[in-house]
Amino acid sequence: MRNIKIIIEYDGTEYCGWQVQKNGMSIQQVLQKAIEDTVNHKISLTGASRTDAGVHAKGMVANFFTNSKIPCGKFPMAINSKLPDDIVVTGAEEVGENFHSRYSNKGKRYSYYILNRRIPSAIYRRYTAHVPVLLDVEKMKKAAGYFLGTHDFSAFKSSGSSIKNNIRTVKSISITKTGDIIKLEIEADGFLYNMVRIIAGTLIDVGKGKIGPDDIDGIIKSRDRNRAGKTAPPQGLYLDCVYY
């Protein structure tokens, strides 16, 4: 059996998330069916991350085993011909049998986009979080620096997660503004449930003046979810890249 690694880009607006669920159509469900129709047998598709409803991806990674003889270079076009326009396989390669898209990865990079202007957008409403109050980007940049390094990120994890080890290492974090768009980019060895969206929500509160930049250190050390900001909306979040 061949182990095939694929890279996927998708618009998560119309889906209940990556993982197969009972409450709606998932990315995994649609993609798995397209792959099965391509290779003509049942497969088990494993994803590197379980993105939530409305979250997008530019570089999701997944893998599956197949006895198909289709060359790797032809997999993207073959699978894409059976997919809706909002899911696209951008690359494929054959990997070792021990490769596991979730457990083999060494880190991920996410981006979060904020539309920061008084009037919302008809076009970008699905792809950014709208914040009508002018945000202080310099304060947000100062606050972001406190997230760098290895910390217990319990204060930035939503309830419902079964993971007990809340220690993660943030390798890089940056905030830039271009026109009305503020972009948060963060890379870490791993992320807790809703960690990026809670960090984004907390930094938005810093930008509004509700939380001081220097308060972030205390919030992290408190491990108290109630002290951090709200979970920012899903449509601003993108999984950019998975590292192996």
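The values are calculated or read from the model by the stated rules, or taken from the named source; none is laboratory data. Predicted model, so just to flag it, every value in this text is computed and none were measured. Backbone-built Cβ (ideal geometry, glycine too); neighbour counts: all protein chains shown. Heads up: the accessible areas ignore ligands, DNA and RNA and are worked out on the full protein's heavy atoms, side chains in. Shrake-Rupley method; radii C 1.70, N 1.55, O 1.52, S 1.80 Å.
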note = Sequence order, the stretch 212-226: Karplus ³J(HN,Hα) from phi using 6.51 cos²θ - 1.76 cosθ + 1.60, θ = phi - 60°, Hz rounded, Gly and Pro as x, gives x, x, 6, 6, 4, 4, x, 5, 4, 5, 5, 6, 9, 4, 5
query = Given a 1.4 Å probe, how much area per residue of the chain is accessible, in Å²?
reply = 49 Å²
note = Check: C-alpha center the stretch 1-35 vs C-alpha center the stretch 135-162, spacing in Å is 29 Å
task = Classify the stretch 153-244 as rounded, prolate or oblate, taking a ≥ b ≥ c as the square roots of the eigenvalues of its Cα gyration tensor: rounded when a/c is under 1.5, otherwise prolate if a/b is larger than b/c and oblate if not.
result = oblate
key: Mean separation of Cα contacts under 8 Å, 6 or more apart, over the residue count of the stretch 136-242: relative contact order %   = 34 percent
task = Determine ³J(HN,Hα), in whole Hz, for all residues of the stretch 184-191 in sequence, where each value follows from phi through the Karplus function 6.51 cos²θ - 1.76 cosθ + 1.60 and θ = phi - 60°; x replaces Gly and Pro.
result = 9, 10, 9, 10, 8, 6, x, 9
task = Pull out a ≥ b ≥ c, the square roots of the eigenvalues of the alpha-carbon gyration tensor of the chain, then state rounded if a/c is under 1.5, prolate if not and a/b is larger than b/c, and oblate in the remaining case.
result = prolate
query = Where the accessible area of the stretch 40-196 is counted over protein heavy atoms with a 1.4 Å probe, how much of it, in %, is carbon and sulfur?
reply = 51 percent
query = Got the relative contact order for the chain handy, in percent, Cα pairs under 8 Å and 6 or more residues apart?
reply = 24 percent
key: Among A57, Y124, A155 the positive-end extreme of the charge dipole of the stretch 1-156 (Cβ point charges)   = A155
ask   = Once you list every other residue whose beta carbon is under 9 Å from the beta carbon of M195, what net charge do they have if Lys and Arg are +1 and Asp and Glu are -1?
value = +3
request  = For the stretch 55-148, state the semi-axes of the equivalent ellipsoid (square roots of 5 times the eigenvalues of the alpha-carbon gyration tensor), sorted largest first and rounded to whole angstrom.
outcome  = 38, 21, 8
ask   = Using Cα pairs under 8 angstrom and six or more residues apart, how large is the relative contact order of the stretch 60-182, in percent?
value = 20 percent
note = Diffing the stretch 22-34: the Karplus 3J(HN,Hα) column from phi (6.51, -1.76, 1.60, θ = phi - 60°), in whole Hz with x for Gly and Pro, holds 7, 8, x, 7, 10, 4, 4, 4, 5, 5, 4, 4, 5
ask   = So, in Å, what gap is there between the alpha-carbon centers of the stretch 36-81 and the stretch 176-244?
value = 30 Å
inquiry  = Cut-off 10 angstrom, C-alpha nodes, Gaussian network model of the chain. Which of A129, A78, A48 fluctuates the most?
reply    = A78
remark   = Shape call for the stretch 34-103, from the Cα gyration tensor axes a ≥ b ≥ c (a/c under 1.5 means rounded, otherwise prolate when a/b beats b/c, else oblate), comes out oblate
